[in-house]
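Please read the structure below before turning to the comments.
Every read-out reported here was derived from the displayed coordinates using simple, explicitly stated rules and does not represent laboratory data. A quick note: this is a predicted structure, and the numbers were derived from the prediction, not measured. Glycine also receives a Cβ, built like all others from the backbone with ideal geometry; neighbour counts cover every protein chain displayed.
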């Protein structure tokens, strides 16, 4: 069911410093910051040859990243995103096997303009998993 | 400098259950468990079309995964591994820019039989980064 790893998302306490570190110290290709008000984050995508890193920084007071950064002030790996062909079919299969979908359970439009869902970390070895329909 | 994302490693409290979940619930291609006594882990690699997931389970009493699982009993994302062409050149560049290399600072042979190093999470937004020479 799951296809490619679309990205690994890292919550960071200083977006500019983190982007500069990936660009200069680690020598990666870093895109311009992009505000995602519907998700409460500003993101910077880093293009690797086979996938992407997504740096996440809070946007707004009720950003879902605020709590994560309170618990992890240095930042940390926040989630990973797997591609699926049919997000509704994937959701229904996962729910039928007891996995919990976060929020309303209906896909939202993610940072790439495509439908996304998040799965409960407690059901997946403590990992927050995003599914993105491609 | 960094090339492909070689893998994302997930520490899990039950290796057999986690492998079965990736195989059956998430529909991925899961390889047989492999003991890595030099690293104190048993690993299961999951092949995605563009990268791999590495499930990690403690092997031995002084496994480096024991402490992580004590803090994160459900498991969690433990590290991510970037490929580099020349691990000594990469290490020396990173050290010259103030990044700390874990352990002796000399590469060890990793789960793929290739030289690896780990970078200090505090220097990289709370993320444990492995470099693997390919």
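Using a label position 7 Å from Cα in the Cα→Cβ direction, what is the ascending list of nm distances from residue B:34 to the same site in the other copies?
Those label-point separations list as 3.4 nm.
Rule-of-thumb check for region A:5-133: C-alpha Rg over 2.2 N^0.38 Å?
After normalising by residue count via 2.2 N^0.38 Å, the value is 1.06.
Quote the FRET efficiency, to the nearest 0.05, computed for residue B:62 versus residue A:47 with a Förster distance R0 of 30 Å and r equal to the Cβ-Cβ distance. Don't skip to the answer; put the middle values down first.
On the way: r = 38 Å, r/R0 = 1.28.
It comes to 0.20.
With springs only between Cα atoms under 10 Å, which of B:97, B:36, B:23 fluctuates most in a Gaussian network model of chain B?
Sorting by GNM fluctuation, first place goes to B:97.
May I ask you to report, in nm to one decimal and beginning with the shortest, the distances from residue B:60 to the same position in the other copies, taking label points 7 Å along Cα-to-Cβ?
5.0
Quote the FRET efficiency, to the nearest 0.05, computed for residue B:96 versus residue B:74 with a Förster distance R0 of 41 Å and r equal to the Cβ-Cβ distance. Show your work: numbers first, answer last.
Working: r = 38 Å, r/R0 = 0.94.
That gives a FRET efficiency of 0.60.
Give me the number: length gained by fully extending residue A:24 to residue A:108, i.e. 0.36 nm times residue separation minus the C-alpha to C-alpha distance, one decimal in nm.
Values: separation 84, 0.36 × 84 = 30.24 nm, distance 3.37 nm.
Working it through step by step, the gained length comes to 26.9 nm.
Calculate how steeply helix B:87-96 sits against the longest principal axis of the alpha-carbon atoms of chain B, using the helix alpha-carbon long axis, and give the answer as 0 to 90 degrees to the nearest 10.
Rounded to the nearest ten degrees, it is 60.
Rounded if a/c is under 1.5, else prolate if a/b is larger than b/c, else oblate: which is the protein assembly as shown, with a ≥ b ≥ c the root eigenvalues of its Cα gyration tensor?
Oblate, because a/c is 1.5 or more while a/b does not exceed b/c.
For region B:1-65, what are the per-bin percents of Cα-Cα distances with bins 5 Å wide, up to the bin holding the maximum?
Using 5 Å bins, I get a P(r) of 4, 19, 27, 24, 14, 9, 3, 0 for region B:1-65.
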